[in-house]
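Below is one structure, written out as structure tokens; comments come after it.
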Amino acid sequence: MTTTLQIGSELRSAPRPMTRERMRWYVDAQPTVAHDDGRIHTQDPTIHDDDDYARKQGLPGIISDGMISTNWIMGLLFDTFGRAVAGKGRLRTKYIAPIYEDQIVISVARVTAATQTPEGETAYQFDVWCEDDTGKKLTVGEALVYAPAR
């Protein structure tokens, strides 16, 4: 795990496509968990899983739920800092552009501040975002992670 970062250091995930299957998993997860009966449950059509419905809403096709990109940012932080990310700290995101099927997404976190806490942790502040393979930002936000002392 990398826990010694300087202001301006950047963490980047590997590029990954936003597949229809990934979008479907997320849509079906909520009703499936709510029913808790061992079967997969679906919900009424949404812009996240039904092309016809999405087109009726003015979109060219389905778009991912914004929480997927938030989860991918959280995954990048977790891969870097491990379990410390699940403790105190925060992650806030805003969805500024839709993510379409098969669009390539890269999660990024750039250190904006690093301070030592009285407990010996390093408090890292980040600007975070997801971008496509052209560098267009799709999701933006900020994060605070407390990395334990080594």
Answer residue from the stretch 93-124, given it is in a loop (DSSP other than H, G, I, E, B) and aliphatic (A, V, I, L, M) and is farthest from HIS48 (Cα to Cα) among those | ILE96
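So, in the stretch 103-127, how many residues would count as being of a type in the set (S, T, N, Q) and open to solvent by less than 40 Å² (accessible area, probe 1.4 Å)? If you could, list the steps in order and put the result at the bottom.
Residues of the stretch 103-127 that are of a type in the set (S, T, N, Q), as a first pass: 103, 107, 112, 115-117, 122, 125.
Filter once more, so that each one left must be open to solvent by less than 40 Å² (accessible area, probe 1.4 Å): 103, 107, 117, 122.
Summing the residues that are of a type in the set (S, T, N, Q) and open to solvent by less than 40 Å² (accessible area, probe 1.4 Å) in the stretch 103-127 gives 4.
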Going through (1) open to solvent by less than 40 Å² (accessible area, probe 1.4 Å); (2) under 30 Å from ALA123 (Cβ atoms) one by one, GLY8 fails only at (1)
The stretch 61-77 - residue that is open to solvent by less than 30 Å² (accessible area, probe 1.4 Å) and assigned to a loop (DSSP other than H, G, I, E, B) and, of those, farthest from TYR26 (Cα to Cα) = GLY61
Given (1) closer than 16 Å to CYS130 by Cα; (2) open to solvent by less than 20 Å² (accessible area, probe 1.4 Å); (3) of a type in the set (A, V, I, L, M), index of the condition ALA54 fails | (1)
For THR134, work out the one condition from (1) open to solvent by 20 Å² or more (accessible area, probe 1.4 Å); (2) of a type in the set (Ser, Thr, Tyr); (3) out of contact with any Phe, Trp or Tyr (no Cβ under 7 Å at 6 or more places or on another chain); (4) not in a loop (DSSP other than H, G, I, E, B) it doesn't fulfil.
-> (4)
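Filter the stretch 69-98 down to residues that are among the aliphatic types (A, V, I, L, M) and at pLDDT below 95, then give me how many there are. Give the derivation first.
Quick first cut of the stretch 69-98, residues among the aliphatic types (A, V, I, L, M) only: 73-74, 76-77, 84-86, 91, 96-97.
Going one step further and asking which of them are at pLDDT below 95, we end up with 84-86.
Of the residues in that region, 3 qualify.
Looking at the stretch 17-43, which of its residues are among the β-branched types (Val, Ile, Thr) and either surrounded by fewer than 13 Cβ atoms within 10 Å (Cβ to Cβ) or touching a Lys or Arg at 6+ places or on another chain (Cβ under 7 Å) (or both)?
VAL33, ILE40, THR42
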Is it true that some residue in the stretch 73-84 is under 13 Å from the mean Cα position of the chain (by Cα) and among the polar types (S, T, N, Q)?
-> no
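Does THR93 qualify as being out of contact with any helix residue (DSSP H, G or I) (no Cβ under 8 Å at 6 or more places or on another chain) and open to solvent by 10 Å² or more (accessible area, probe 1.4 Å)?
Working: out of contact with any helix residue (DSSP H, G or I) (no Cβ under 8 Å at 6 or more places or on another chain): no; open to solvent by 10 Å² or more (accessible area, probe 1.4 Å): yes.
So THR93 does not fit the description; no.
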Do the conditions hold for THR80, that is, is it open to solvent by 70 Å² or more (accessible area, probe 1.4 Å) and over 19 Å from ASP133 (Cα atoms)?
-> no
In the stretch 11-60, anything within 30 Å of GLU121 (Cβ to Cβ) and either small (Gly, Ala, Ser) or in a loop (DSSP other than H, G, I, E, B) (or both) is listed as SER13, ALA14
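Scan the stretch 49-69 residue by residue and report those that are in contact with a helix residue (DSSP H, G or I) (Cβ under 6 Å, 6 or more places away or on another chain) and among the polar types (S, T, N, Q). Please lay out each step first, then the result.
Initially, the stretch 49-69 is screened for residues in contact with a helix residue (DSSP H, G or I) (Cβ under 6 Å, 6 or more places away or on another chain), giving 49, 61-62, 64-65, 68.
The one that is in contact with a helix residue (DSSP H, G or I) (Cβ under 6 Å, 6 or more places away or on another chain) and among the polar types (S, T, N, Q): SER64.
The values are calculated or read from the model by the stated rules, or taken from the named source; none is laboratory data. Not measured: the values here are computed from a predicted model. All Cβ positions, even for glycine, are placed from backbone atoms using ideal geometry, and neighbour counts span all protein chains on display. Remember, those area values only see protein heavy atoms, side chains included, never the ligands or the DNA or RNA. Shrake-Rupley method; radii C 1.70, N 1.55, O 1.52, S 1.80 Å.
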